C-alpha cells in the first residue's frame, strides 16, 4: 500500500474500491468495477486511446457530503473546465452497492494522461479518481 493510500481512512478505501461506476454510453449503459476489465468499454475505440481516460466527480469533495446546491454548482464548474480544455466524455453515476452513500454524477473523460487525471482530481478536492488505460481495467489513483 502506498503512502497516500495509507492516509485514506479504510472505510473510504473500501467504498471507492466497491463502488459501481455506471457509464452512460451512446449505445447503452454499463458498469465499471475497480480492477476488473470492462468488455463493454473495450468495444469503444475512442475510449481505448493511448493516453487513457479518467472517471471523476465534482460531488462531495474529500468524502464529505455537501448539499445538493453546492454539488450541482461544483458539477457546472467541472463541465465548464472540460469545455475550456476541449475534453469530452460520457456521463457516469457512481453507486454505492450497499446504498449507504448517495449516488454521485460524474464523467468518464477521454484522452487524459495519468498526470492530468491526478491534477483534475486534486483541483476538484477528491480523494481518488478512476483511471482507465488502454487495457480497459479501471484503477484507483489516490490523491
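Here, each number is a calculation from the coordinates, and none is a lab measurement. This is a predicted model, so every value here is computed, not measured. Because the Cβ atoms are built from the backbone with ideal geometry, glycine has one as well, and the counts that use them run over all protein chains shown.
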### Query
Let a ≥ b ≥ c be the square roots of the eigenvalues of the Cα gyration tensor of the range 3-142; is it rounded (a/c under 1.5), or, if not, prolate (a/b larger than b/c) or oblate?
rounded
### Query
What ranking, highest mean first, results for peptides 67-77, 87-97 when packing means the other Cβ atoms within 10 Å averaged over each residue?
87-97, 67-77
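Please tell me the relative contact order of the range 3-142 in percent, rounded to the nearest whole number, where contacts are Cα pairs under 8 Å and at least six residues apart.
The value is 35 percent.
Can you give the helix-only mean residue ellipticity at 222 nm for the chain, where every DSSP H stretch with n ≥ 4 adds -39500 (n - 2.57) and the sum goes over all residues, rounded to the nearest 500 deg cm²/dmol?
-9000 deg cm²/dmol
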